2 protein chains.
Amino acid sequence: MSHEVRFSANKFWMNWQSMGRAQELDALMHAGFRKWPAAFSTDYMKTSELAPLEKWAAELRQLDAQTLIVIGIGGSSLGGIALKALIDAHSDRLIFWEGPHPSKMQKIAQIAEQKQTAVLVVSKSGTTLETRANLSLFRQFFPGVPEYFVTSEPAAIKDLGANSKNTFLIPKDLGGRFSIVSPVGMMPAMFVDYNVKAFLTAFDEANAEWEISIPVAENVAKQTAIHFYNLFAARFTGVAFWVYAADLVDWGRWLVQLWAESLGKKPHIAALPMIVQGPEDQHSLLQYFMEASNRHLHCFVHTQSYGSRDSLISSEIRGDFADKSMSQILNAQMKSIESALSAKERPVAEYMLSDLSETEMARWFCFWMHVVSYLGYLWEINPFDQPGVEAGKIICKKLLRGENVEEAVQPVFDLR
Amino acid sequence: MSHEVRFSANKFWMNWQSMGRAQELDALMHAGFRKWPAAFSTDYMKTSELAPLEKWAAELRQLDAQTLIVIGIGGSSLGGIALKALIDAHSDRLIFWEGPHPSKMQKIAQIAEQKQTAVLVVSKSGTTLETRANLSLFRQFFPGVPEYFVTSEPAAIKDLGANSKNTFLIPKDLGGRFSIVSPVGMMPAMFVDYNVKAFLTAFDEANAEWEISIPVAENVAKQTAIHFYNLFAARFTGVAFWVYAADLVDWGRWLVQLWAESLGKKPHIAALPMIVQGPEDQHSLLQYFMEASNRHLHCFVHTQSYGSRDSLISSEIRGDFADKSMSQILNAQMKSIESALSAKERPVAEYMLSDLSETEMARWFCFWMHVVSYLGYLWEINPFDQPGVEAGKIICKKLLRGENVEEAVQPVFDLR
């Protein structure tokens, strides 16, 4: 393989590279790092720490667990969901249960009635409303199912039955949205036979290439952050990640959380991330991006190879797709939209992965953790907190306790 | 039930109502309608036209078809997908196949190997690349499966084997993104026993309440369009639909297409729609919306009732959720985020559906078709075309034919 991920871009990225300021901006990144050190870059899980997880996986095999139900939300689910999409997208062996939705409860009940299940409860703080509510619901209907816990605060979930034998720890400084490289991401992946050792090894190597001490000229994560920094200093207010591999759409949800929660911190920051699905959204959002306000960066993501899952399409039916493979069609579609947007003076970039293997994906996750942190440093914000989510939690608590809360909205009209 | 959908809002919507200009704006809507008549408002399917579809459904029962594979993309899939989520979210009885993704092909093959299937090929133009490619793939691996077709151009799919017996027509003037009220939406729904008669009856009634001849003062669809028109004339550049019912997330994908493809037409229009999932994205996008740039309208959507699927959560586990139902928790979460955003001077509105029944949902789809068209008229654009998607199609054709196309992007660096 000549490369892993190849980054290409149109003139907007080129013009804005402005490496003249590279030293000044690198200093800014170092200053940010000193103020808000990147715990993910040191506290990620090492292969040497896998033994307890392997023991757990063996225990589940002995219990003959057919399905693992992961109860968790946000940083406690999105990394695992992204990996599941790559490993075992369509099966019910691994199920993530996020919000307390009645339709999801139906699905969970269906599975728990038919299969031998185990439950993995993931909550960094131990106090997550949705997670505790879902566990309570599950126990009502399916008592006695083996439970395991992942948390940074074992004391906070002692009341749930967490103890030193059934509980796995997330390093305290490792934020939820970075916790894919902890038991949070690795335990679900291990349950569906992902090669977590290869994943963590590749993460470790990638991290060494992109960490803070590597200067801009040799550090493509820093270079990428500078590109984004410059583009958002111009008139752009959002970034659309056009994901052409269906397997990567859930990686996109992970990235949106990483980006939005790490970077959405100051009124002058207008850089909303969104996922656009290729080719599906060519029939939806494309019209808007071609002809409405030009305020988005367009980053295309695809893979060169789907391995043995790819197929050639026969020429039985008339069409330009005949004798092409699915991946060739997806690529041609992606390239055509890149060209069409570029011709309309939109900033266009492309990330081409060589494949979706453990090694490639570990680098891909690691890359964005670094890029997002560096971009936060350039904007002189702390990329590792999320102070804006507290207000809602406090109001929700009051509402559930029946305390008086003024309604934010007043009735305007009924549709009938 | 005292109402169907209740619309509530905070001061931003109130202040901007500006009904003083109502007559002037109504005149603008009438002018738009004369130029670009709303075909969906006359050409939607009537209950009197259901007989051929009922005959088809009976035929599929006779064939003992266990799964219907719908091959279609964009307007040919999104309406059906939205209905499926309401009817039968987790089963494999109804499968939509949009882009030519290898992972989806795997899933389709799994099903076709295990079940008696039938195929519904949906393409308004008959020339859709993805749809023809997927059908070709399917035939290679699973020849002889019964096929049915839905199109506006039967001549264009004669080569696929479409004939007067197996083909159902979409009215020519009814755009793809409005075609849920045609065989496109009704045939898949009928296959999973949806009450399409109730749906079409309610659509018909709702349409009469909101069509162009009903003046602004009595027409909540026109009022809503005016609200949006005024808010987007201020500093806002996007609208976030916070969907708290998991069953409605696919309705959201439908709305995004309807909105983006109908309204994304001029450089001065900055009104990008997006779906935010509640409560999941409280752990993701919320931080951004609370503290970053204040440029979005926030529209919350939920239902008062999930019927028998709702459950009370016991008090076995300590927490504020104890003795509350799932819907009460979701509602408290939604209300708390409305309050938190409103306190930060964000425009907040709420649409509370009474339930997710056929009647309620038909009105809900109909409402947005009218709102989006009226908003297009106010912006003096044609809401019913999509000229911006052609350029990409032409380039894609060239690429697949091996013709020379200049690359839009140039390699910048490799990640290794």
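The values are calculated or read from the model by the stated rules, or taken from the named source; none is laboratory data. No experiment lies behind these values; they were computed from the predicted model shown. With ideal geometry, Cβ positions are generated from the backbone for all residues, glycine too; neighbour counts draw on all protein chains shown. The area values use the complete protein model at the heavy-atom level, side chains included, leaving out ligands, DNA and RNA. Shrake-Rupley method; radii C 1.70, N 1.55, O 1.52, S 1.80 Å.
Overview of results
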read-out: The stretch A:157-168 residues that are in the same structural domain as A:MET187 (by TED's automatic domain parsing), paired with ones that are part of a helix (DSSP H, G or I) (beta carbon under 6 Å, 6 or more apart); value: A:ALA162/A:PRO154; A:THR167/A:PRO154; A:PHE168/A:PRO183
read-out: Selection status of A:THR127, under 20 Å from B:GLN333 (Cβ atoms) and more than 8 Å from chain B (Cβ to nearest Cβ); value: yes
read-out: Single unsatisfied condition, A:SER125 versus (1) open to solvent by less than 30 Å² (accessible area, probe 1.4 Å); (2) among the hydroxyl-bearing types (Ser, Thr, Tyr); (3) within 28 Å of A:LEU400 (Cα to Cα); value: (1)
read-out: Filter pass, B:GLU345 being open to solvent by less than 20 Å² (accessible area, probe 1.4 Å) and not basic (Lys, Arg); value: no
read-out: Residue among A:LYS55, A:LYS46, A:LYS84 that alone is within 14 Å of another protein chain (Cβ to nearest Cβ) and of a type in the set (Lys, Arg); value: A:LYS84
read-out: Residue check, B:VAL184 aliphatic (A, V, I, L, M), open to solvent by less than 10 Å² (accessible area, probe 1.4 Å) and outside the structural domain of B:GLY376 (by TED's automatic domain parsing); value: yes
read-out: Residue in the stretch B:101-108 that is facing chain A (nearest Cβ under 8 Å) and in contact (Cβ under 8 Å) with a residue 12 or more places away in the chain present; value: yes
read-out: Selected residue (criterion: farthest from the other protein chains (Cβ to nearest Cβ)) from residues of the stretch A:1-15 that are modelled with pLDDT under 70 and open to solvent by 90 Å² or more (accessible area, probe 1.4 Å); value: A:ASN15
read-out: Given (1) open to solvent by 50 Å² or more (accessible area, probe 1.4 Å); (2) assigned by TED's automatic domain parsing to the domain that holds B:ASP250; (3) of a type in the set (A, V, I, L, M, F, W, C), index of the condition B:ALA51 fails; value: (2)
read-out: Unique match (being buried (at least 16 other Cβ atoms within 10 Å of the Cβ), under 17 Å from the mean Cα position of the chain (by Cα) and among the hydrophobic types (A, V, I, L, M, F, W, C)) among B:LEU68, B:LEU60, B:LEU78; value: B:LEU78
read-out: Matching entry among A:TRP364, A:TRP368 (being closer than 30 Å to A:ASN219 by Cβ, at the interface with chain B (Cβ under 10 Å from one of its Cβ atoms) and open to solvent by less than 20 Å² (accessible area, probe 1.4 Å)); value: A:TRP364
read-out: Failed condition for A:ALA89, given (1) of a type in the set (A, V, I, L, M, F, W, C); (2) open to solvent by 10 Å² or more (accessible area, probe 1.4 Å); (3) in a helix (DSSP H, G or I); value: (3)
read-out: Residues of the stretch A:321-350 satisfying the condition of being more than 7 Å from chain B (Cβ to nearest Cβ) and within 17 Å of A:GLY238 (Cβ to Cβ); value: A:LEU341, A:LYS344, A:GLU345, A:ARG346, A:PRO347
read-out: Residue match in the stretch A:328-346 (condition: in contact with an Asp or Glu (Cβ under 6 Å, 6 or more places away or on another chain) and either in the same structural domain as A:GLN257 (by TED's automatic domain parsing) or within 18 Å of B:LEU129 (Cβ to Cβ) (or both)); value: no
read-out: Tally, over the stretch A:377-416, of residues that are crowded, with 21+ Cβ neighbours inside 10 Å, at the interface with another protein chain (Cβ under 7 Å from one of its Cβ atoms) and closer than 30 Å to A:HIS227 by Cβ; value: 1
read-out: Residue count for the stretch A:319-329, restricted to those that are touching a Ser or Thr at 6+ places or on another chain (Cβ under 9 Å) and not hydroxyl-bearing (Ser, Thr, Tyr); value: 5
read-out: Residue check, B:ILE95 over 17 Å from B:ASP193 (Cβ atoms), of a type in the set (A, V, I, L, M, F, W, C) and more than 9 Å from chain A (Cβ to nearest Cβ); value: no
read-out: So A:VAL220, is it within 12 Å of chain B (Cβ to nearest Cβ), β-branched (Val, Ile, Thr) and touching a residue at least 60 places away in the same chain (Cβ under 8 Å); value: yes
read-out: Residue check, B:GLU316 over 28 Å from the mean Cα position of the chain (by Cα) and facing another protein chain (nearest Cβ under 7 Å); value: yes
read-out: Criterion (more than 8 Å from chain A (Cβ to nearest Cβ), farther than 17 Å from B:CYS366 by Cα and acidic (Asp, Glu)) met by exactly one of B:ASP250, B:ASP193; value: B:ASP193
read-out: Tally, over the stretch B:288-313, of residues that are more than 7 Å from chain A (Cβ to nearest Cβ) and in contact (Cβ under 8 Å) with a residue 60 or more places away in the chain; value: 4
read-out: Sole residue being in the same structural domain as A:MET334 (by TED's automatic domain parsing) and closer than 25 Å to B:LEU415 by Cβ, chosen from A:GLN287, A:GLN257; value: A:GLN257
